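Everything below concerns the one structure shown next.
The values are calculated or read from the model by the stated rules, or taken from the named source; none is laboratory data. Please read these numbers as outputs of a predicted model, since none were measured by experiment. Reconstructed Cβ throughout: ideal geometry from the backbone, glycine too, with neighbour counts over all protein chains shown. Only protein heavy atoms, including side chains, enter the accessible area calculation; ligands, DNA and RNA are left aside. Shrake-Rupley method; radii C 1.70, N 1.55, O 1.52, S 1.80 Å.
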Amino acid sequence: MAKLITGILGISVLIAGCKGKAETHSSTRAQANQPTVVDVLVAGATTINNTIEANGTVVANEYAELHPEISGRITYLDVPEGTLVQKGALIARINDADLQAQLQKSQVQLDLYQKTEERDRKLLAINGINQADYDLALNNVNSTKADIAYTQALIDKTVIRAPFTGMVGLRQVSIGAYVTPANSIATIQQLDKMKVDFTLPEQYSTVIKKGAVADVMLDAGTNAHRKAVIIAYEPQITPTSRNIRARAVLEEGKGHPGAFVKVYLNTTADKKAILVPTNAIIPNDKNNQVILVKNGKATFADVQTGIREASNIEITGGINPGDTVIVTGVLFARPDAPVKVRNVKTIAPAVAQQ
């Protein structure tokens, strides 16, 4: 009797288990058939501002580090920190006592050699000496003059002067210090005209032209903008970054050399284009894709992209105006699977990015 009851209980448990599995499978299949809830965008021609944004750096019109040309001890130092100095102003002087002594010695020798050469010239005129003796005297004069010129050049190197009119930076050495050409005494910069160096991707190389006007944001806090005129660009594209370097001169406004700025360049006139949010694009090994809604189902389509904005991207091919593009729920949509449209969104154009 006990065996019979146990068997009946086992059969009941088995039937209940099979029934539970069947219900679970049916529930999973029902969930799979549920449409994916998505937000969509109706593709249409939208005005796109074809302005590119680049990072730039403020550069002084002229910049130089003041280094001594020879080694020695500083005997004179006048670095007016943060002050405008005129071109040729004396900044520092290196001890030149040994060179001055050498110069004086050579000048004494030159005086003797010149008197000897003058006397030998008179003797040669009356055949009192031969030509070789006179040539030796003349050579001594010329050789000593060359020595004086060389020593004077070394003395000139002991003097450091301002190469142009500009603002002197912070002093890096003290009077009495022993310096070498590797030591920097100070910096000098010409700040009456400021330049901006910036880079752009190589695909925008045709945009950079001499005389083109760029808009420069000098201070993000105050949103101060100034115009700048492009004066030159590097002909060679940087191999590592594939960027092209350009330089512009600020027409107005002052900035600090080395400061970070934003440069805005208008490539062409505003145009009409199909824009979709960047998160609607599905990267692929061969092509980018978007998901369209056709007959209530998800359809994947290959697209070609163009200008990229802050949050949108231009579609140059693959979809047509009027197509319904899925912009949210992209990760959950499957090919030919049903979808349910929750909201229809619109595009807000922004400034194009690099």
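Suppose we keep only residues that are of a type in the set (G, A, S) and part of a loop (DSSP other than H, G, I, E, B) within the stretch 179-205. Which one would you say is nearest to V79 (Cα to Cα)? Restricting to residues being of a type in the set (G, A, S) and part of a loop (DSSP other than H, G, I, E, B), the top hit is S184.
This table checks each residue for (1) surrounded by 15 or more Cβ atoms within 10 Å (Cβ to Cβ); (2) among the acidic types (D, E).
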site	(1), (2)
I91	yes, no
N95	yes, no
L112	no, no
D120	yes, yes
G128	no, no
I160	yes, no
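Any residue at all in the stretch 206-227 that is under 30 Å from I94 (Cα atoms) and either in a loop (DSSP other than H, G, I, E, B) or not hydrophobic (A, V, I, L, M, F, W, C) (or both)? For the stretch 206-227, residues under 30 Å from I94 (Cα atoms) and either in a loop (DSSP other than H, G, I, E, B) or not hydrophobic (A, V, I, L, M, F, W, C) (or both): absent.
Within this structure, E23 fails the test of being at pLDDT below 90 and closer than 30 Å to D192 by Cα.
Name the single residue, out of those in the stretch 307-323 being open to solvent by less than 40 Å² (accessible area, probe 1.4 Å) and not acidic (D, E), that is modelled with the lowest pLDDT. Filtering the stretch 307-323 for residues that are open to solvent by less than 40 Å² (accessible area, probe 1.4 Å) and not acidic (D, E), the one modelled with the lowest pLDDT comes out as I307. Among the candidates A186, A224, A212, the residue that is over 17 Å from the mean Cα position of the chain (by Cα), farther than 30 Å from V263 by Cα and not basic (K, R) is uniquely A186. Counting only strands (runs of 3 or more DSSP E) that fall entirely inside the stretch 63-171 and contain at least 1 residues that are within 25 Å of A186 (Cα to Cα) and over 35 Å from the mean Cα position of the chain (by Cα), the qualifying elements are 72-77, 90-94, 159-161.
Taken over the stretch 226-252, the criterion of being of a type outside the set (V, I, T) and surrounded by 15 or more Cβ atoms within 10 Å (Cβ to Cβ) is satisfied by R226, A228, Y233, N243, R245, A246, R247, A248, L250.
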